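Note sheet for the following structure.
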Amino acid sequence: SANRSPSLVLGPRLSSVKIINPTSLFVPSKLTSEVFSTENPPLDWADAGLLIPHEAIRRQMAMMVQSVNAMSDSPEDKEAWKLTLFSKWYIEYLYESVHEHHDAEEKIYFPWMITKTAIPEKEFGKSHEELMSAMAEIKQCCAEIIKKGGKGCSAQVATLKEKVPKFDVDMRAHLKEEEETVPALLRENFTQEEEGQIVEQILQAGGLGLAKKFLPAVLLAAQEWTTDAFYADFVGSIPPPIKHLVDKYFLPDFENVVMIMRDAPTLASEPKLKRVPCCGIPFCFPCLI
């Protein structure tokens, strides 16, 4: 409402991108979507709105599967770091990001859609529950690996090799279902401004903690599947204080630490992880997030 006190937007605004000619904004050949492609390119805000989080999630999952496939069936103790780093990444980053994404859909986005249109709620709800349950099982397995310091974890690796590829397939099917269904409903029932307001609400609910964990994945994915013009407008819409954190801290940290944790099972030697201090002040607020 108009009386709402203004608060800082914690991420980019899709509404700041002027979508006049879609071909100047998207690179369909780089999409990982099973719905949108060169033959069926995204056209507008309704398509792009779903692709922004989904492309990030699918790319992270592809690397997760690659890492699990790279794990030895009988891991040696000297390679325990591969398992522990990956497990910490899964629990602290992928699990948190995807869980927040689903929570936002269940608690904010879908209830908002239902105010004007019917959505296949049972299907979405059921697959949400099953996916969250699968994610929790993988999280439990990763927690066991961390507890054991990555040593003597053949049973846990076997569990990961069974559950992670299945989760990847099921999650992709779920994202596909949403991409087939939601954009048309948005177009028919809502304006881009209305959708933008609900996304802003989701960003506020996630707070800076979620922005730190998920926004770098979103931006790195967008660098691939959107054009320079789209990306410049999209990133340019991040408020300067948040953009400063993203450029100087969140993105470098994601590339220098988070992605290396994720890819640890594929590495030949143990990495030296160096988190990026954003300013050097011991009690800096962003460093404490």
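Distant-in-sequence amide contacts of ILE238, defined by a placed amide H-H separation under 5 Å and a gap of 5 or more residues or a different chain, comprise ARG13. Cross-link check: pairs LYS213/LYS274; LYS212/LYS272; LYS161/LYS272; LYS176/LYS272; LYS148/LYS248 evaluated at a Cα-Cα cut-off of 28 Å; pairs beyond the cut-off: LYS176/LYS272; LYS148/LYS248.
Roll a 1.4 angstrom probe over the protein heavy atoms and tell me the percent of accessible area of the stretch 23-156 that is carbon or sulfur. The partial results should precede the final answer.
Numbers: 3120 of 5990 Å².
With neighbouring chains kept in place, the figure for the stretch 23-156 is 52 percent.
Taking every DSSP helix (H) stretch of at least 4 residues in the chain, weighting each as -39,500 (n - 2.57) and dividing the sum by the residue count yields a mean residue ellipticity at 222 nm of -19500 deg cm²/dmol. The aspartates and glutamates whose alpha-carbon is closer than 19 Å to the alpha-carbon of LYS151, local same-chain residues fewer than 8 away aside, are ASP73, GLU76, ASP77, GLU79, ASP263, GLU270. For THR227, the residues 5 or more places off, or on other chains, whose built amide H falls under 5 Å of its own are PHE26, VAL27. Of the DSSP H helices in the chain, those with a Cα length along their own long axis of 18 Å or more and a mean Kyte-Doolittle hydropathy reaching -1.0 comprise 45-70, 121-147, 154-189, 192-225. Along the chain, counting only trypsin sites (Lys or Arg not before Pro) with a DSSP assignment other than H, G, I, E or B and at most 12 other Cβ atoms inside a 10 Å radius, the longest segment between sites is 117-271. Using the 1.4 Å probe convention, the accessible area of the stretch 115-209 works out to 50 Å² per residue with neighbouring protein chains retained. In terms of the Cα gyration tensor, with a ≥ b ≥ c the square roots of its eigenvalues, is the stretch 166-241 rounded because a/c is under 1.5, prolate because a/b exceeds b/c, or oblate? The shape class here is rounded.
Just the number: Rg to Rh for the chain, Cα atoms, Kirkwood Rh, two decimals. Could you put the intermediate results ahead of the total?
Details: Rg = 19.5 Å, Rh = 20.1 Å.
Computed over Cα atoms, the ratio is 0.97.
The values are calculated or read from the model by the stated rules, or taken from the named source; none is laboratory data. Keep in mind that what you see is a predicted model, and the values were worked out from it rather than measured. When we count neighbours, we look across all protein chains shown, and the Cβ atoms used for this are built from the backbone with ideal geometry, even at glycine. Only protein heavy atoms, including side chains, enter the accessible area calculation; ligands, DNA and RNA are left aside. Shrake-Rupley method; radii C 1.70, N 1.55, O 1.52, S 1.80 Å.
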